[in-house]
Amino acid sequence: MTPTGDHTEAVEALLHEERSFAPSEAFAAHANATADVYKAAAADPEAWWALQARTLEWATPFEEVLAWDSPHATWFADGTLNASVNCVDRHVAAGRGGKVAFHWVGEPEGDTATITYADLLERVSRAANALEELGVKPLDRVAIYMPMIPEAVVAMLACARLGAPHSVIFGGFSADALVDRITDADCRFVITADGGYRRGSAAALKAQVDEAMASCPGVERVLVVQRTGQEVAWDDARDVWWHDIVDRQAPVHEPAAFPAEHPLYVMYTSGTTAKPKGIFHTTGGYLTHTSTTHRLVFDIKPETDVCWTSADIGWVTGHSYIVYGPLTNGVTQVMYEGTPDAGGKDRWWRIVEEYGVTILYTAPTAIRTFMKWGDEFPASHDLSSLRLLGSVGEPINPEAWMWYRKHIGGGRCPIVDTWWQTETGGIMISPLPGVTATKPGAAMVPFPGISAEVVDNDGDPVPDGHGGLLVITRPWPGMLRGIWGDEERYRDTYWSRFDGRYYFAGDGAKRDEDGDLWLLGRVDDVMNISGHRLSTAEVEHALVGHPAVAEAAVVGASDDTTGQAIVAFVTLKVADEVADGDDAEIVASIRAHVAEVISPIAKPRQIILTPDLPKTRSGKIMRRLLRDVAEHRDLGDVTTLTDPTVVNMIDGLMAAHASDDD
Ligand code: WT7
């Protein structure tokens, strides 16, 4: 296996990257991490992680550090703790209750809230009492389907407080996607809102839940936050308003301690098949990993920093770097509900200026969008509070990196490009901002205590200057503990590639001449659309569910803004419907269908209607060729195809409809 074709040119360019940015003396002088950290961690990774784990508050201190029976690890297993106590109570007990935990900014102008750690404790305690009254017990799974409002964080922490694993489902997912996830994790409870504000209007959430409930008989109660005040349908036996039950609860809640390996949450993500995987994380190791990486990668100074992670809590970035990492470290954060251009294309920069954001963590897609909008939007605001910038979710191209550095960071802020996954729980490869000289587009080096390698197909490390597959060679505290209910898939997906020796990440990587790491994108059929993970199989599955579609093949084609974009090649059941090669109406209906079955984020950028798909003699669809077609590359050797003319015909169709983006 080699990195996907779309990255070949990128690899070439990277070979010649000579720019490097060392930390300024001023930054390095006050940095949390110095070069010694690498030495200490390398000398004894387990002892180093144990030291980090002891910065948490344990009800029962642990003796045992790591038990590793490949592919299963436990960390700190004989210790007990409560995740919500570590995120909230601890700071209040230490006299920091008056400190702001969240400056919350709703999408509608002027709709803001300030929540201190003391407020957060009171809210989490009331919510935990309410969930108990509704019957939530340790190990019950609770689905959370919410907009970016404070109650989303409160709901997660209340679940954690009760030892009830949450399964947060991104608010952009459809009713069908909800059904799959709620059923797979067997959730007994759902927490949602009437709706949330996106793109200037109130988007419905409860309506999706209502539709899903028809197929989720296992759900007993649905707790509903009133956010927008929009009209909602109501089932008296099942639905309960958050304000009716939470507000009347006692403001204190006595937390229980749970073993370090108690499940904290399940988070669904796309694999290579149509069925999403429930990635399952536990408590002690995960908190250790997120807290430590947050403290060192973002160089957190809890007294003065204002952190803003622009992710949604429906993705792992929100779990690890809005909720668990930052809150264990007791920092002040900004949390923003809406889209970046709601109220003007300078909305983000107004927020940075108003709240004095010091650390901004976002995705390359957002950066490229801001580049496209123009330099004048960040330039019209005072961004001098910023002192560190982060990037996550997809490879960042050097051009976007340089723009981020200059136009957002004023040329003075270190940039940390952080590679990790839903599965890894926390950051795995990243510069340390006071230590590492960074290169535009490179995630650089494994975090202290993490062992990553780039290997060839046999699992042998590649020499400097070569590419291969990224693997993690030792267990780490935040690693997934499995795929919910599917041990076999867990072994197959991550461990079978190198016989249980290494964790196989599914990413291509390159080790440059200096030994630094560049992440090059997926080597499997997982796509990365604006930092959102989707599999070609799940989009194909949705496509063939449309009544007019006979067959579909999906590829991720490189895209200047979204990193990759979905291009679908579709054959229809009634072939003569496509006599002229396209049919705007049917294409629109197919796109709408995909949005309905998965999410609007899964809508193909282009749908090419074609009478046939290129197949090998054994009947396998030739995706490589389709990707070449989608990216307008030379087609190369097509002689293994049953019918080589098919691909030329599709190429012609593609050229004729190169501009049906919307
Ligand atoms: C996949 C994981 C990590 C939280 C958000 C995404 C890609 C992630 C980087 C980066 C290059 C990156 C990888 C990875 N990815 N960060 N800094 N450079 N690629 O989590 O949805 O689980 O996706 O995102 O391909 O495998 P996820």
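Using just the helices of the chain, give the 222 nm mean residue ellipticity in deg cm²/dmol: DSSP H runs with n ≥ 4 each add -39,500 (n - 2.57), and the total is spread over all residues, rounded to 500. Write down the numbers at each step before the final one.
Numbers: 20 runs with 179 residues, N = 662.
Here the helix-only value at 222 nm equals -7500 deg cm²/dmol.
Mind checking the full-extension length gain between Ala214 and Ala379? Use 0.36 nm per residue of separation minus the Cα-Cα distance, one decimal, nm.
Residue separation times 0.36 nm, minus the Cα-Cα distance, leaves 54.4 nm.
Taking the highest mean first, how do the peptides 454-463, 209-218 order by number of other beta carbon atoms within 10 angstrom per residue?
Ranked by mean Cβ neighbours within 10 Å, highest first: 209-218, 454-463.
If N is the number of residues in the chain, what value comes out of its Cα radius of gyration divided by 2.2 N^0.38 Å? Kindly include the intermediate steps, with their values, before the conclusion.
On the way: Rg = 24.4 Å, N = 662, 2.2 N^0.38 = 26.0 Å.
This ratio for the chain stands at 0.94.
5 Å is the cut-off here: which amide hydrogens, built 1.01 Å from N in the peptide plane, fall below it relative to Tyr268, excluding neighbours closer than 5 in sequence?
Long-range HN contacts for Tyr268: Ile279.
Between region 45-104 and region 409-479, how far is it from one alpha carbon centroid to the other, in angstrom?
Centre-to-centre (Cα) distance: 24 Å.
What list of ³J(HN,Hα) couplings, whole Hz, do you get for region 460-470 from phi and the Karplus terms 6.51, -1.76, 1.60, once you set θ to phi - 60° and write x for glycine and proline?
Here the 3J(HN,Hα) series is 8, x, 7, x, 3, x, 10, x, x, 9, 7 Hz.
Under 5 Å between amide hydrogens, which residues at least 5 positions from Val462 or on another chain qualify, with H placed 1.01 Å from N in the peptide plane?
Val454, Val455, Asp456
Could you list the trypsin sites (Lys or Arg not before Pro) in region 144-228 that lie in coil according to DSSP, counting only those with at most 12 other Cβ atoms within 10 Å of their Cβ?
Passing sites in region 144-228 are Arg199.
Would you mind calculating the relative contact order of region 56-113 from Cα pairs under 8 angstrom and at least 6 residues apart, reporting the percent as a whole number? Each step should come with its number before you reach the end.
Values: 57 pairs, mean separation 14.8, N = 58.
Here the relative contact order equals 25 percent.
Going Cα to Cα from Lys406, which lysines come in below 30 Å? Please leave out same-chain ones fewer than 8 positions away.
Correct list for Lys406: Lys301, Lys345, Lys372, Lys439, Lys510.
Which of the lysines could a cross-linker span from Lys603 if the Cα-Cα distance has to be under 20 Å and same-chain partners fewer than 8 positions apart are dropped?
Excluding near neighbours in sequence, the set is Lys275.
FYI, it's all coordinate maths here, none of it is from the lab. Keep in mind that this is a model prediction, so the values were computed, not measured. Cβ sites come from the backbone with ideal geometry, for glycine too, and all protein chains shown count toward neighbours.
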